[in-house]
Structure formats: C-alpha cells, structure tokens
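Presented below is the structure to which this report refers.
Where a number appears in this text, it was derived from the coordinates with a stated rule and is not lab data. Fair warning: this is a prediction, and the values are worked out from it, not measured in the lab. Glycine also receives a Cβ, built like all others from the backbone with ideal geometry; neighbour counts cover every protein chain displayed.
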Amino acid sequence: MGQDFKSRLVTEKEELEEKLGKLNDFNQSEKADGIDPIQKSLLVVQAGAMYTYLECLKARLERL
C-alpha cells in the first residue's frame, strides 16, 4: 500500500474525529434537549457507529 493510501486514511480519521467531537458536544448540550426524542436517540446511535468506524480506521492505520 502506498503513502497516498495511508495519507487518505489519516485524513479520513482526522475528519471523523472532528465530526464525532462536534456530534458528542451537541449531544451533551442543552440544545439537544430541545429536539425530538427519537432524533436525539438516533444521534446517539450515530455517534456510536462513528466511534466504531473511527476505531476501525485507527486499527487499519496501525497495521500499515
């Protein structure tokens, strides 16, 4: 695997970390309390999926 592939994975990981951080901040904010409970629940599920994906990307990078 080339350096270009690894750099794309690194970029993807960094972008995902940023998005997940923002989502977690929102989920813990008072603003989140004002949205539909089902939407709020789905955002928590989405954050969990993003975390799992992030851990997968980290594991892939460790093996390059």
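Within the stretch 16-64, the set of residues being touching a helix residue (DSSP H, G or I) at 6+ places or on another chain (Cβ under 8 Å), of a type in the set (K, R) and farther than 29 Å from F5 by Cα comprises K40 only. Of the helices (runs of 4 or more DSSP H) contained entirely in the chain, those carrying at least 1 residues that are surrounded by 10 or more Cβ atoms within 10 Å (Cβ to Cβ), within 9 Å of the chain's Cα centre (by Cα) and without any contact (Cβ under 8 Å) to a residue 40 or more places away in the chain fall at 3-27, 37-62.
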